[in-house]
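The values are calculated or read from the model by the stated rules, or taken from the named source; none is laboratory data. Quantities reported herein were computed from a predicted structural model and do not represent experimental measurements. Here the Cβ positions follow ideal geometry from the backbone for every residue, glycine too, while neighbour counts run over all protein chains shown. For the accessible areas, the whole protein counts, side chains as well, though only heavy atoms, and no ligand, DNA or RNA atoms are used. Shrake-Rupley method; radii C 1.70, N 1.55, O 1.52, S 1.80 Å.
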Amino acid sequence: MTGGAVADGDLRRLIGRYAWAIDSRDVSTVTGCFAADATMTFTETNETFIGQRAIRLFFEETFTNSPNLAPPARSTHLMGTSDFWISDGEILGRTPATAYLATSTMLVVRGLTYNDRFTQTTNGWRIAERRHQCDWEHLSPDATSSPQKTPPG
């Protein structure tokens with residue numbers, strides 16, 4: 001992003017914080033990555049959540065009841081190299097990612113693309129709009145794992 005080295009670094013940290021929060025099941029941090037009036041859309045299910053409250057409720061429900069993300073399942077989101085650009089005065093970005101989701105009976109690997117629009121708030125850069133796109137998915141139903149929480153460090 002030409003002339004935007006500070007924003008570029010801030011946006012990369014925001015994307016990293018989001019991934020870490022998803023894998024840590026930290027609803028407050030995930031929600032804090034979004035602007036108050038943000039929208040989040042999952043293209044594969046055509047579901048859209050509008051506003052931080054709706055996004056928070058989605059993640060609370062998902063981290064509690066989703067077979068791929070609720071305990072004891074574990075995940076690792078590896079974020080690829082983001083691309084940022086300015087269009088009509090807004091900062092847009094695209095980030096490829098690979099998500100590994102391990103349950104006690106299955107390993108799911110997904111290729112994802114996050115298409116984002118960012119906004120600067122008094123608390124720093126936030127996601128104003130996110131389109132979560134699953135590009136491909138591989139299921140290993142015979143895989144077994146022992147999901148364990150490892151302390152950071």
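Just one of (1) surrounded by fewer than 16 Cβ atoms within 10 Å (Cβ to Cβ); (2) at pLDDT below 95; (3) within 15 Å of the chain's Cα centre (by Cα) fails for N115. It is (2).
Among the residues of region 43-86, those that are within 23 Å of P141 (Cβ to Cβ) and in contact with a strand residue (DSSP E or B) (Cβ under 6 Å, 6 or more places away or on another chain) comprise E44, N68, R74, S75, T76, H77, L78.
Taking region 4-61 on its own, how many of its residues are of a type in the set (S, T, N, Q) and under 13 Å from R130 (Cβ atoms)?
Step one: of region 4-61, the residues of a type in the set (S, T, N, Q) are 24, 28-29, 31, 39, 41, 43, 45-46, 48, 52.
Filter once more, so that each one left must be under 13 Å from R130 (Cβ atoms): 31, 39, 41, 43, 48, 52.
So the count comes out to 6.
When region 1-33 is limited to residues that are in contact with a helix residue (DSSP H, G or I) (Cβ under 9 Å, 6 or more places away or on another chain) and at pLDDT below 95, the one that is most open to solvent (accessible area, probe 1.4 Å) turns out to be M1. Selection of region 128-144 for residues being assigned to a strand (DSSP E or B), touching a Leu at 6+ places or on another chain (Cβ under 7 Å) and among the hydrophobic types (A, V, I, L, M, F, W, C) yields only C134. Scan region 66-105 residue by residue and report those that are closer than 14 Å to R25 by Cα and open to solvent by 80 Å² or more (accessible area, probe 1.4 Å). Matches in region 66-105: P67, P71, P72.
Exactly one residue among F49, F58, F63 is open to solvent by 30 Å² or more (accessible area, probe 1.4 Å), among the aromatic types (F, W, Y), free of Cβ contacts under 8 Å to residues at least 60 places away in the same chain and touching a helix residue (DSSP H, G or I) at 6+ places or on another chain (Cβ under 7 Å), and that residue is F49.
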